[in-house]
Structures are given as C-alpha cells and as structure tokens.
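As structure tokens, the structure follows; a few thoughts come after it.
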Amino acid sequence: MLTINETIAIPDDELSEQFVRASGPGGQNVNKVATAVELRFDVRQSPSLPDDVRARLKRLAGRRLTNAGVLIIRAERFRTQERNRADARNRLVALVRRAALVPKARVKTRPSRAVKTRRLDAKTRRGRLKQTRQGKPDTAPE
C-alpha cells in the first residue's frame, strides 16, 4: 500500500514494476544487471484516485502519461534495484501529492483609476522627452 495522504492510498496491485537495464555509470555491472525500474500506474482506471485529482495528475504527468492513460516513472539514479524502486515510488507519491493540492482560484482584478492615470501620464512625459530630442530641420532659405 502506497500512502499518498490521509485520504488517498494506492494499493500495490495497481502498481506494476519492471526491472530493466540502466544507462549511465556502473562499469561492467550496468551491462549485466537490470537495476533500473519502470513503475507503471494506470491513472485512467485507478479506483483509488478521486476524479479531480485524476484530472490534475494527467495534466502534471505530461509526457510520462501514455495514450492509454498509464503513468510510467523510470528510475535509474542508483546502482541497486531496491534504491531505484524506492526512488520511483517516492516520485509517484510526490506527483500525486502535487495533484491532490487544490489550486487557489484566481481572482480577477482591474487596475484602479489612479494607476491608469499614472501610466498615461508617464507615457505622455516620455513622449514629450522624445520630442525634445528630435532636432528640428533648419528652415533657412538657400
């Protein structure tokens, strides 16, 4: 059981792990031992997630979510299966926790009349300054 918060927990039977060969450092060991972990979690079919969390998780997952709605987290940072497995699970927990946070609703605001006036006054002053920099062409007869 993977506990996300006090209301959300993901049973182990909803997660599938596959050990694959890792890239990166490790010498000859990297060619022999499958230490990287691919953790798969079916976001679309999971009964453990509330609908609002599911929708936010799909948006947060980005490229890690397949067309079938399966979230794939690949962990290959460490040289042992146990540490990579724990890393993948921790990353899943962090991602679902972020999705569980309800975003604060944005309150539309309008600029006050004083702010609008200050902005327009500044534009007028700037325009006048630029006009004074323009050299007037000589109008003397030739």
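The numbers here are math on the coordinates, done by the rules we state, and not lab data. Quantities reported herein were computed from a predicted structural model and do not represent experimental measurements. Heads up, the Cβs are rebuilt from the backbone with ideal geometry, glycines too, and the neighbour counts pull from every protein chain shown.
For residue 130, the aspartates and glutamates whose Cα comes closer than 18 Å to its Cα, not counting residues fewer than 8 places off in the same chain, are 121.
Measure nothing fancy, just the Cα-based angle from helix 113-133's long axis to the longest principal axis of the chain, in degrees from 0 to 90, nearest 10. Its long axis makes an angle of about 60 degrees. Given +1 at the Cβ of Lys and Arg, -1 at the Cβ of Asp and Glu and no other charges, the dipole of the stretch 52-142 around its Cα centre is 440 debye to the nearest 20.
Relative contact order for the stretch 2-100: 30 percent, from Cα pairs under 8 Å spaced at least 6 residues apart, divided by residue count.
Candidates 15, 78, 50 compared by Cα position along the dipole of the stretch 2-100: farthest toward the positive end lies 78, with charges placed on Cβ. Computed over the Cα atoms of the stretch 18-142, pair by distinct pair, the Kirkwood hydrodynamic radius stands at 20.1 angstrom. Averaging the Cα positions of each part gives two centres, and for the stretch 69-137 and the stretch 12-67 these lie 27 Å apart. Pick from 112, 23, 46: which residue has the top mean-square fluctuation in a GNM of the chain where Cα pairs under 10 Å get a spring? So, out of 112, 23, 46, the one fluctuating most is 112. Mean residue ellipticity, 222 nm, helices only, the chain: the sum of -39500 (n - 2.57) across DSSP H runs of n ≥ 4, divided by residue count and rounded to 500, is -12500 deg cm²/dmol.
To the nearest ten degrees, helix 51-61 and the longest principal axis of the Cα atoms of the chain are 80 degrees apart.
Considering only the other residues whose Cβ falls under 10 Å of the Cβ of residue 38, what net charge follows from Lys and Arg at +1 and Asp and Glu at -1? Every neighbour counted, the sum reads 0. Within straight-line reach of residue 58, meaning a Cα separation under 24 Å, sit the following lysines at least 8 residues removed in sequence or on another chain: 104.
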